[in-house]
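Here is the structure we will look at.
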2 protein chains.
Amino acid sequence: MSDNTEIKQHIAILQHLVHQKVSNLDLPEHPVRLYEPISYFMGIGGKRLRPVLALLSAELFGHEAAAAIPSALAVELFHNFTLLHDDIMDNAPLRRGKQTVHEKYDTNVAILSGDALMVLAYQQLLVAAPEQLPALLKEINKVALEVCEGQQYDMDFQGRERVTTEEYMRMIKLKTSVLLGAAMKMGAIQCGAQPTDQQHAYDFGLYTGLAFQVQDDLLDVFGDPEKFGKKPGGDILANKNTYLRVKAMEIADQTTRMALNSWYAAPDSEAKVLEVTHLFRSLGIRELAEKEMESLLQQAFEALDSIEGADKQAKAKLKAFAQYLIAREE
Amino acid sequence: MSDNTEIKQHIAILQHLVHQKVSNLDLPEHPVRLYEPISYFMGIGGKRLRPVLALLSAELFGHEAAAAIPSALAVELFHNFTLLHDDIMDNAPLRRGKQTVHEKYDTNVAILSGDALMVLAYQQLLVAAPEQLPALLKEINKVALEVCEGQQYDMDFQGRERVTTEEYMRMIKLKTSVLLGAAMKMGAIQCGAQPTDQQHAYDFGLYTGLAFQVQDDLLDVFGDPEKFGKKPGGDILANKNTYLRVKAMEIADQTTRMALNSWYAAPDSEAKVLEVTHLFRSLGIRELAEKEMESLLQQAFEALDSIEGADKQAKAKLKAFAQYLIAREE
């Protein structure tokens, strides 16, 4: 309990550091419709998990958190670029309860300011030591293409009736988890960690990201609505592929699969959410997803434990951070 | 005349080299709707002017053209990324006579494959020598933001009745010319040129680019339709801000300005093109634009002449290339 408070306080300090750096980005004023949307979107906030991971990675390798600021900002700016463009593609009106950029301005503004935001991410790398630049650039390029691939697979899957669990896991790995891996790895690179340790750090981020995504899917259906802050079943109503849905389709018999398919094809209703949830329960999907999440978290911890000579306290902090992420109810 | 043939042959060889490298990019196959649109768009071709400039810059500084391949490809991929996204913003159905990506696939595919194309541009930099990476990355980041700024100013101007010549020149500088400057400069960086010479090389590209754009505006109205391959006045019918239009508005008396404005506000017709062209003629706009173009080309040549110790033959080639660009009729 006290550990949890301590890690929460530490995370809050790191989040504040990221927040300060983001606020001080010092963007040009003109053209207004290029840079104002970027300030607006970056100001909406979010939990800054990825940059915090980069900072924790610096601590893991015995440096001050601030040593990884260039990587932290690059990853956060890149993440926001992907959100900005994803919002256009998903036709999303809101992001974190605020108007999306294409809604507040227009689609052209959102495309172009998103493009500029990606450039700003690359710009941060120039703050790092020049000898680290090749490795940092290589890593962000790799993860950037993977995130694009993940987004394309996600869009491809929307038109398909059946997605395998394997395909789904690969999609969320590319779309979201690799960036958590890259945050850890880039922090490690900036602190001169050995390649094998960079890889372990990456794997910790990657598996934590995967666990986080499965938890996200779980919360949508089984989260406490009071704590979660929204009605359950949003993903069901959006006919989204989630771990729960693809796993259910994988293990269900033909009758249940047909029932699931026909509910997913049905228009929005309270019954749709209730019936799909009921089918999930009858298949024991909640338990399977929780088991999967635990297994992913275990793999994350094993990767972390493989890093020899890393700061023990920092290791404990990272584990606590991962558990805190998974245990969240919002 | 023989000089012209020689430079044309040399350019053709460099274009072929770029073409080969572009064809061998070796993109992943999956996801198909991410990478296929990139191959398609890169395959449409174009004159590859920017990468050729980077290669000529390498020759200018006494290296083989191939020394600047990473810069050449980075600039060409970046250029195509901007075209791909600009086509969405401009709602353009065709690019070089072929379907644009958002027409052939859809807008989401065009947004995302454009994003990936930008990443591929950055990826090319990793082929350069690591010690050149900081300067190359800094340059491409700078020019990338400027091109975004130029595109935003262009869109801003579309909603305005009056744009000054100064504003117009700044817009085309940002939107198109800085990338020609960057192509020259990045080639120079890769060949270890001194910073002052890098700047002169940049200026040569920049002013050549500005002259090229003014020529483009001229050709639209005064080009030989048979050689130019399209009907004159496309920019007039599209109510585009061009050097001719903004200069005419600057020097015309109030009556002529009102006449121009009312013709630009009128629906498409042959009379619209004829009358606006007539007003341009009466104001001597063609001669003013030609004078401006000559002056810009002069500035380009002066920048080139300022480079001490550069290869004389390569200087002559670059001048011939610039003149060939300006003298083109298509």
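For the reader, a short list of remarks on this structure follows.
- Positive-end residue of B:Gly233, B:Ala66, B:Trp263, charge dipole of segment B:2-327 with Cβ unit charges: B:Gly233
- Here the Kirkwood formula, the inverse mean of 1/r across different C-alpha pairs, assigns segment B:48-91 a hydrodynamic radius of 11.0 Å.
- Order of B:Asp197, A:Asp217, B:Asp90 - criterion: other Cβ atoms within 10 Å of each residue's Cβ, fewest first: B:Asp90, B:Asp197, A:Asp217
- Per residue, the convex hull around the alpha carbon atoms of segment B:23-105 comes to 89 Å³.
- DSSP-loop trypsin sites (Lys or Arg not before Pro) across segment B:119-209, with at most 10 other Cβ within 10 angstrom: B:Arg160
- What the phi angles of segment B:109-125 give under the Karplus curve with 6.51, -1.76 and 1.60, with θ = phi - 60°, is a coupling list of 4, 5, 4, 6, 5, x, 4, 5, 5, 5, 4, 4, 4, 4, 4, 4, 4 Hz, glycine and proline written as x.
- The Cα-based radius of gyration of segment B:86-129, divided by its Kirkwood radius, gives an Rg/Rh of 1.12.
- Listed by chain and number, the aspartates and glutamates placed with their C-alpha closer than 19 angstrom to that of B:Lys104 are A:Asp156, B:Glu29, B:Glu36, B:Asp86, B:Asp87, B:Asp90, B:Asp115; residues fewer than eight positions away on the same chain are left out.
- Across B:Ser39, B:Ser295, B:Ser269, mean-square fluctuation computed from a Gaussian network of chain B (C-alpha pairs under 10 Å connected) peaks at B:Ser269.
- Amide H within-cut-off set for A:Gly233, under 5 Å, with H built and near neighbours excluded: A:Val221
- Just so you know, the Rg over Rh for segment B:149-195 is 1.20, from Cα atoms, with Rh as the Kirkwood radius.
- Whole-Å semi-axes of the ellipsoid equivalent to the protein assembly as shown (Cα gyration tensor, √5λ, descending): 49, 30, 22
- Shielding score for A:122-128, defined as the mean number of other chain Cβ atoms within 10 Å: 4
- By Cβ position, the chain A residue that hugs the axis carrying A onto B most closely, with its distance in whole Å, is A:Leu133, 3.
- Shape annotation for segment A:2-327: C-alpha extents along the principal axes are 60, 49, 35 Å, from largest to smallest.
- Sorting A:His79, B:His30 from the fewest to the most surrounding beta carbons within 10 angstrom yields B:His30, A:His79.
- Rounded to the nearest 500, the 222 nm mean residue ellipticity of chain B from helices alone is -24000 deg cm²/dmol, with -39,500 (n - 2.57) taken per DSSP H run of at least 4 residues.
- One equal scatterer on each Cα of segment B:114-164, no solvent, Debye formula: the resulting log10 I(q)/I(0) at q = 0.12, 0.16 Å⁻¹ is -0.41, -0.60.
- Considering only B:Gly223, B:Gly205, B:Gly114, the Gaussian network model of chain B with Cα springs below 10 Å gives its largest mean-square fluctuation to B:Gly223.
- The loop-placed GluC sites (Glu not before Pro) in segment A:132-185, going by DSSP, that have at most 16 neighbouring Cβ atoms within 10 Å of their Cβ come out as A:Glu161.
- Computed over the Cα atoms of segment B:17-59, pair by distinct pair, the Kirkwood hydrodynamic radius stands at 11.6 angstrom.
- Phi-based couplings in Hz for segment A:271-283 (Karplus 6.51, -1.76, 1.60; Gly and Pro marked x): 4, 4, 5, 4, 5, 5, 4, 4, 5, 4, 4, 4, 8
- Simple point charges give the picture: +1 on the Cβ of Lys and Arg, -1 on the Cβ of Asp and Glu, and for chain B a dipole about the Cα centre of about 260 debye.
- Of all lysines in the structure, the ones whose alpha carbon falls short of 16 Å from that of B:Lys315, not counting any fewer than 8 places away in one chain, are B:Lys8, B:Lys185.
- With the label put 7 angstrom out from Cα along the Cα-to-Cβ vector, A:Arg281 ends up 8.4 nm from the copy partners, going from closest to farthest.
- Under Stokes-Einstein, with the Kirkwood radius over Cα pairs as Rh, the value for segment B:256-311 at 37 °C and 0.692 mPa s is 235 µm²/s.
- Relative contact order of segment A:2-327, pairs being alpha-carbon contacts under 8 Å that are 6 or more residues apart, as %: 19 percent
- Candidates A:Val32, A:Val109, A:Val221: whichever shows maximal mean-square fluctuation once chain A is modelled as a Gaussian network with Cα springs under 10 Å: A:Val32
- By the rule of a C-alpha distance below 24 Å, with chain neighbours fewer than 8 residues away ignored, the lysines paired with A:Lys98 are A:Lys21, A:Lys47, A:Lys175, A:Lys227, A:Lys230, A:Lys231, A:Lys240.
- Magnitude of the charge dipole for the protein assembly as shown, about its Cα centre and with charges confined to Cβ atoms of Lys, Arg (+1) and Asp, Glu (-1), is about 240 debye.
- For segment B:227-268, average projected area of the Cα convex hull in nm²: 3.4 nm²
- The 3J(HN,Hα) values that the Karplus relation (6.51, -1.76, 1.60; θ = phi - 60°) gives for segment B:54-59 are, in residue order, 4, 5, 5, 5, 4, 5 Hz. Gly and Pro appear as x.
Bear in mind these aren't lab numbers, they're just calculated from the coordinates by the rules spelled out. Quantities reported herein were computed from a predicted structural model and do not represent experimental measurements. Ideal geometry is used to build each Cβ from the backbone, glycine not excepted, and the neighbour counts take in all protein chains shown.
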